[in-house]
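Chemist: This structure is in structure tokens; I'll ask about it shortly.
What follows is calculated from the coordinates using simple rules that are stated; it is not laboratory data. No experiment lies behind these values; they were computed from the predicted model shown. Cβ coordinates were reconstructed from backbone atoms using ideal geometry, including for glycine residues, and neighbour counts include every protein chain displayed.
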Amino acid sequence: MQLTRHPRRTVIALAVAATLSLAACGSAATPTPSDAGGSAPAASVAAPSAEAPSLTPVPGGASTLPEPVPTRIGTTQTDWGEILDNLPASFPAYPNVEPADIPEVATAALSVPDDAATVAAWYRDAFTATGYGVELSDPAEDGSRVLDVQADLPECRIQMTFRPEDGSTIIAILVAAACANGTG
């Protein structure tokens, strides 16, 4: 088809093609019979559906579920390094522990109504069972013991000091800030 020879036919053909394309697309309006007065037919628009269409989940696609809000444990800088201000929820808990007051800065200070050797051995076994590297010192002159705990991540380390005191044991715990995601 040459536009210069039959411009009128080209315009008509394009107009007809455009009209047919629009008609093929359809519309939400459906014609209704005209009224007896001879007026133009009225268009009826389909009512919107009360129910939203369900979406098909796409594997690996974005989730519409809310993400859990991460909680961050505060930290404190010490001579030992940056420590957590509280124990992670996954930290092993010896039976019958209670908070204790100690003069030094620690992640936690606990009091246990058992001897230092028993409590230190319990923590050594608990950390060993969960795959941590542990080293328990020999008793000092006063009966104190130190447990050094190392995770796969070198920055995640824990040090626990067990001191005998009046028939119980005071535990001073240092947990490195790199262990913020848990210890077990």
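Chemist: What relative contact order, as a whole-number percentage, does region 78-179 give when Cα pairs under 8 Å and 6 or more residues apart are counted?
Modeler: 29 percent
Chemist: Additional query: Give me the orientation-averaged projected area of the Cα convex hull of region 78-179, in nm², one decimal.
Modeler: 6.2 nm²
Chemist: Using Cβ counts within 10 Å as a stand-in for footprinting exposure, how do Ser168, Ser137 rank, fewest first?
Modeler: Ser137, Ser168
Chemist: When Phe91, Phe127 are ordered from fewest to most other Cβ atoms inside 10 Å of their Cβ, what list results?
Modeler: Phe91, Phe127
Chemist: For region 119-128, take each phi angle, set θ = phi - 60°, evaluate the Karplus expression 6.51 cos²θ - 1.76 cosθ + 1.60, and give the result in whole Hz per residue in order, putting x for glycine and proline.
Modeler: The phi angles translate into 5, 4, 5, 4, 5, 4, 5, 5, 6, 4 Hz.
Chemist: Just to check I understand the Karplus step: with θ = phi - 60° and J = 6.51 cos²θ - 1.76 cosθ + 1.60, what whole-Hz values come out for region 145-151, glycine and proline as x?
Modeler: My calculation for region 145-151 gives 9, 10, 10, 9, 10, 10, 8 Hz in order.
Chemist: Which of Cys179, Cys156 has the fewest other C-beta atoms within 10 Å, and how do the rest follow up to the most?
Modeler: In order of increasing Cβ crowding within 10 Å: Cys156, Cys179.
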